[in-house]
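The structure appears right after this line, and notes come after that.
The values are calculated or read from the model by the stated rules, or taken from the named source; none is laboratory data. These figures come from a predicted structure and were not determined experimentally. Methodologically, a virtual Cβ is constructed for each residue, glycine included, from the backbone with ideal geometry; neighbour enumeration extends over all protein chains shown.
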Amino acid sequence: MTTATAETAPKNTVVPISPTELAERLDTRQAPLLLDVRTPAEYESLRVPGSHNVPLDLLQKNCERIAGQYEGEVVLICQTGNRAKQAKEHLRSAGLDSARVLEGGVTALESEHKHHTRRGQNRWAMDRQVRMVAGSLVLTGFLGSKLISPKIGYLAGAVGAGLTFSALTDSCAMASALQKMPWNQVDADPSLEKFLAEIPSAVQVKAPRR
C-alpha cells in the first residue's frame, strides 16, 4: 500500500504532511501555521519551535472562530497523529479545508529530524497516562475479585465499557479527567485570545464578512 502525496492525491484532497516534508519547509523558512493540539503539559515536554499550543478541547469549542478568521496552510500536530485528525475534522466542519496532519505526530518528527524539536520538562504523554490508569484499574479489578470479593471484578468490566465507548465516540473521558490533575498543570494555560495574538502577520487573514 502506498501513501498519498501532494502529487498523487486526487484534486482538492488535503493529504497529511510527512516529518521530512515539514522539516524541509522549516529549513527554508516557508513554514505553515503550526497548531499543536496536545495538552499544555505535553507541549511543554516536547514541541516544535514556532508552533502554537491550542489544546484539542479549546480548538473544538472555538473552531468556527479560528476557521472564520484565518486561511492558508495549517499543520496540526499532536503526539502520534490521532488528536490532530480530530482537530482537522473540527476545522473542516467549520470551513477550513487546508489543514494537514503531521504524520506520526511530534514523536515521528523528533525521531527523524530531532533538530526541529525541543525537549522541556519530562512529562508522560496523555495516551501513556490513559494506558497506565486503565491498565491499573483492570489489574486491580482482577486481583480484587480473586483476593477480596468477586464484585470488585466489575471494575475491570467498567473500564472495558469505558474504552469501548471512547472508541465508538472518538472521545476520552479519562483523558479529560487526567488533564485536570496537578501533574498536568502548567504555569499559564493557553487561551484563544493569546493564540490569536501570537499568530504571525504572514498568515493570511480573511476579510471581514459584510
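Conditions (1) closer than 20 Å to N53 by Cα; (2) touching a His at 6+ places or on another chain (Cβ under 8 Å); (3) small (G, A, S), marked per residue:
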residue	(1), (2), (3)
R100	yes, no, no
L109	yes, yes, no
I152	no, no, no
A158	no, no, yes
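Output the number of residues of the range 1-26 satisfying the condition of being outside any helix (DSSP H, G or I) and modelled with pLDDT of 75 or more. It would help to see each step written out before you state the result.
Initial filter on the range 1-26 (outside any helix (DSSP H, G or I)): 1-18.
Then keep just the ones that are modelled with pLDDT of 75 or more; that gives 15-18.
Within the range 1-26, residues that are outside any helix (DSSP H, G or I) and modelled with pLDDT of 75 or more number 4.
Go through A158, A167 for me and flag whichever is more than 15 Å from Y43 (Cα to Cα), of a type in the set (G, A, S) and either in a loop (DSSP other than H, G, I, E, B) or more than 17 Å from the chain's Cα centre (by Cα) (or both).
Going through A158, A167 in turn, the sole match is A158.
Taking F142 and the conditions (1) part of a helix (DSSP H, G or I); (2) in contact with a strand residue (DSSP E or B) (Cβ under 8 Å, 6 or more places away or on another chain), which numbered condition does it fall short on, given that it satisfies the others?
Of everything listed in (1) part of a helix (DSSP H, G or I); (2) in contact with a strand residue (DSSP E or B) (Cβ under 8 Å, 6 or more places away or on another chain), F142 misses just condition (2).
Picking from L109, L76, L102, L59, which residue would you name as being buried (at least 18 other Cβ atoms within 10 Å of the Cβ) and in contact with a Cys (Cβ under 9 Å, 6 or more places away or on another chain)?
L102
Spot the failing condition for R29; the list is (1) at pLDDT below 85; (2) surrounded by fewer than 19 Cβ atoms within 10 Å (Cβ to Cβ); (3) assigned to a helix (DSSP H, G or I), and only one is missed.
Every condition holds for R29 apart from (3).
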